[in-house]
Every structure is written in structure tokens, then in C-alpha cells.
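**Student:** Have a look at this one.
The values are calculated or read from the model by the stated rules, or taken from the named source; none is laboratory data. Worth saying up front: this structure is predicted, and the values here are computed from it rather than measured. Glycine also receives a Cβ, built like all others from the backbone with ideal geometry; neighbour counts cover every protein chain displayed.
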Amino acid sequence: MKAIVHTKYGSPDVLRLTDVEKPSPRADEVLVKVAAAAVNQADNHLLSGTMRFSTGLLKPKHQILGSDIAGRVEAVGTNVKQFQVGDAVFGDLSGHRRGGFAEYVTAPESALALKPVNISFADAAAVPMTAVTALQGLRDKGHIRPEQQVLINGASGGVGTFAVQIAKALGSEVTAVVSTRKMDMVCSIGADYIIDYTKEDFTQTGEQYDLIFDTVGNRSVAEYKRALQPQGRFVTTAFLPSLVIQGPWLSLTEGKKMHNMMAKPNQKDLDVMRDLLETNQVTPIIDSCYPLSDVPEALRYLGEGHAKGKAIITMSASSAGE
Ligand SMILES: NC(=O)c1ccc[n+]([C@@H]2O[C@H](COP(=O)([O-])OP(=O)(O)OC[C@H]3O[C@@H](n4cnc5c(N)ncnc54)[C@H](OP(=O)(O)O)[C@@H]3O)[C@@H](O)[C@H]2O)c1
């Protein structure tokens, strides 16, 4: 089968389209024929070797990146109970060996869920990592409640476009912080108020929010804190080292809860997302689609940090659209 392989760490230039052996599922695994995969910022981090203590000190232990996939079950291991050959599935393989930038991938059944019936494979591949991050950030760390004032900083990217829609679905009033050319898009996905960060600084307006969900990490803890209500919560997907010490201290002394977050892929939250997608409360926003051979270009584009929704890899135009 064809796969995008990296045998060393570096920029997307080290990636090669290569023929590799088609994987076989273990007893608790499913073999998926990949119809579409998504690129994530995590793929760029893994490729560059910034996580080499866990991914292989000198060279990568697993040579095929790609966590988010959607496709059809091609074969199942002897212990697999939830899926059958032919099922359409989607999932996040970041808790396992990844391998989504390939025509076939194996995954434990716990990493997968049935694909929403009303969306394409390309749209489904956009969902797992970024939507589940938004869901867990808002619901589990942010304790979001109906009618709260929620500000999403970085509302136009992969995580942000899902965060806006999930926050709306959970009944809150959403202010989206974006650049000028993304304003129409965030309006179309339900944002109630928009702040153009090229013209206005949300930490200087005097407005205070019940919950700030941040995907950018471009402000100091003091600046974010200023924009929070006295009992407000702040959650960021972009790791802020100073929060490790300041977060617990602020919680004790001021009542403002400020957290870094790390999403944990799980099947239950894929099921939550499937419900939100099938009831049209959430719609994936696709920035662009690339063939498998263009994974390096897709990662370079994502690395520039200005995506409008998700960049998707499609194995073939017909399979991704099913
Ligand atoms: N902790 C976790 O579990 C977890 C999980 C997933 C992702 N992440 C991290 O979360 C971050 C966001 O991921 P992503 O997938 O959403 O990235 P992305 O798709 O690349 O989106 C980044 C977005 O940020 C916007 N942006 C850039 N500068 C901004 C600013 N000053 N103010 C407001 N918006 C700004 C960009 O829009 P413009 O073009 O308008 O600037 C772009 O739409 C990354 O650091 C990623 O590594 C963490």
C-alpha cells in the first residue's frame, strides 16, 4: 500500500510517499481502508521531534503519522465485538500508533466509532482530535453552562471552529476572536459577537467572560485573567508554562480557575460528536483537501498557523465523498 513515511525527524521535506506492507489487525484491532485523514498541529510537533522522548530518541519508532481518520472496516481481529467488515468509522489514533497517512491502518476498536451518517468521510476525518479537544475543554475543564458568556480566542482554526459550534449547542452566548478575513465564516457557524484581533484587543475592552476557551496562547496569564469574571474559568489548548504554578494559586486566592488542558481521545466523546453532527448542531469547516502525496504541503500550510477550519487528506475523490 501507499503511505507517507518519515524515517527521521525534521520538516515536512523529510516525508516520502512510499510502498509499505499493508498492516494486519491484531486480535483486538480493526483494519480500516482509509478514505480521508486530517492533518493536525500535533503531526508537525511529532515530525519535528519535539516529543522524541516518547516517540523515539534518535529516530521515530512509528514512521507513519496521521491521527484522525475516517474510512471503512476492511477486516476485524478475532476479539473485535463492536464493528463488522463494511462499517463506516472515524477515530483518533493518537493514543496508539497513528498511521493514518496511508491507504490502510489498524486501530483498536476503542479508538473508533461509527461515522455520522449524514456527512462525508472527508468531513468525518476533520472531527476526532480537534472537536473532542473543544468538547473536553468546554465541558470538562470549562464547566460550560447555558446562557454563559463564552469567549473563544482563535475561533477560526481546527479546534476553534468546533468550539464555537459546541458552545452554541450547549446554550452559551459566544464571542469569537478572529482576523478580518475569517469574520464571515465564524458568523456563519453561529458566533453571536466577533472581535477582529487585528483591530481590537479583547483583554483591553473591559468586558469580562464566564469562560474563555483559548487555542492561541498569545497573551500573558494576567491579560487573560483581566478578561475573566470573578468566578470565571480559562482553558487553553496552547500550553502556557506559567499557568502550571499560577493556575492553582489563582484558584486558591481569587476564585478564577485557569487551566492548561490535554485532550484524551475516547470513544464516548466520538459518540457525543456523532450526535451533534447528525442533528446538524455542528458542521465541520473544511479549509482545503489534498491527495495523499501532498501531506507535506498540507503540513506546511497548517504550520503557518492560519487555517480556516481543517485541512484534509483524501485518498481518492470518490471514496472521501461517500
Ligand atoms: N492540548 C490539546 O489537547 C490540544 C489538542 C489539539 C490542538 N492543540 C493545540 O491547540 C492549538 C490550536 O490548534 P488548531 O488545530 O485549532 O490550530 P489551527 O487549525 O492551526 O488554527 C489556528 C488558528 O489560530 C488563529 N490565530 C492565529 N493568531 C491569532 C490571534 N492572535 N488571535 C486569534 N486567533 C489567532 C488563526 O487564524 P488567523 O489566520 O485569523 O490568524 C488560525 O485559524 C495548537 O497549538 C495545537 O497544537 C492542543
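**Student:** Identify, by number, the condition in (1) modelled with pLDDT of 95 or more; (2) among the β-branched types (Val, Ile, Thr); (3) over 22 Å from Gly157 (Cβ atoms); (4) within 16 Å of the ligand (Cβ to nearest atom) that Thr55 doesn't meet.
**Tutor:** (1)
**Student:** For the range 65-82, what are the residues that are touching a helix residue (DSSP H, G or I) at 6+ places or on another chain (Cβ under 9 Å) and within 22 Å of Phe101 (Cα to Cα)?
**Tutor:** In the first step, residues of the range 65-82 are kept if they are touching a helix residue (DSSP H, G or I) at 6+ places or on another chain (Cβ under 9 Å); the result is 65-72, 76-77, 79-82.
Selection gives Leu65, Gly66, Ser67, Asp68, Ile69, Ala70, Gly71, Arg72, Val76, Gly77.
**Student:** Right, next: Restricting attention to the range 111-122, which residues are out of contact with any helix residue (DSSP H, G or I) (no Cβ under 6 Å at 6 or more places or on another chain) and under 25 Å from Met261 (Cβ atoms)?
**Tutor:** Ala111, Leu112, listed by residue number.
**Student:** For a quick check of your reading of the model, give me the residue pairs whose first member lies in the range 244-273 and is more than 16 Å from the ligand (Cβ to nearest atom), whose second is small (Gly, Ala, Ser), with beta-carbon atoms closer than 6 Å and at least 6 apart or on different chains.
**Tutor:** Correct list of pairs: Lys256/Gly232; Lys257/Ser251; Gln267/Ser110; Gln267/Ala113; Asp271/Ala113.
**Student:** Take the residues in the range 12-27 that are more than 18 Å from Ile69 (Cα to Cα) and charged (D, E, K, R); name whichever of them is surrounded by the most Cβ atoms within 10 Å (Cβ to Cβ).
**Tutor:** Arg26
**Student:** Now for a different question. Among the numbered conditions (1) within 16 Å of the ligand (Cβ to nearest atom); (2) in the same structural domain as Lys225 (by TED's automatic domain parsing); (3) crowded, with 23+ Cβ neighbours inside 10 Å, tell me where Arg98 comes up short.
**Tutor:** Of everything listed in (1) within 16 Å of the ligand (Cβ to nearest atom); (2) in the same structural domain as Lys225 (by TED's automatic domain parsing); (3) crowded, with 23+ Cβ neighbours inside 10 Å, Arg98 misses just condition (2).
**Student:** Go through the range 226-243 and give me each residue that's more than 15 Å from the ligand (Cβ to nearest atom), more than 24 Å from the chain's Cα centre (by Cα) and not charged (D, E, K, R).
**Tutor:** Result: Leu228, Gln229, Pro230, Gln231, Gly232.
**Student:** Which ones in the range 182-204 are of a type in the set (Ser, Thr, Tyr) and in contact (Cβ under 8 Å) with a residue 12 or more places away in the chain?
**Tutor:** Within the range 182-204, the subset of a type in the set (Ser, Thr, Tyr) is 188, 193, 197-198, 203.
Tyr193, Tyr197, Thr198, Thr203 - these are the residues of the range 182-204 that are of a type in the set (Ser, Thr, Tyr) and in contact (Cβ under 8 Å) with a residue 12 or more places away in the chain.
**Student:** Among the residues of the range 183-215, which ones are under 13 Å from Ser156 (Cβ atoms) and among the basic types (Lys, Arg)?
**Tutor:** none
**Student:** Another question, then. Which helices (runs of 4 or more DSSP H) does the range 111-188 wholly contain that include 3 or more residues that are in contact with a strand residue (DSSP E or B) (Cβ under 9 Å, 6 or more places away or on another chain) and more than 14 Å from the ligand (Cβ to nearest atom)?
**Tutor:** Working: elements: 121-125, 128-136, 158-169, 183-188.
Fully inside the range 111-188 and qualifying: 121-125.
**Student:** Turning to a different aspect of this structure: Just one of (1) assigned to a helix (DSSP H, G or I); (2) within 9 Å of the ligand (Cβ to nearest atom) trips up Thr198, so point out which.
**Tutor:** It is condition (1) that Thr198 fails.
**Student:** For the range 197-206, check the following and say yes or no: at least one residue is of a type in the set (Val, Ile, Thr) and under 23 Å from Pro284 (Cβ atoms).
**Tutor:** We begin by selecting, within the range 197-206, every residue of a type in the set (Val, Ile, Thr); these are 198, 203, 205.
From the residues that got through so far, the ones that are under 23 Å from Pro284 (Cβ atoms) too are none.
No, because not a single residue in the range 197-206 is of a type in the set (Val, Ile, Thr) and under 23 Å from Pro284 (Cβ atoms).
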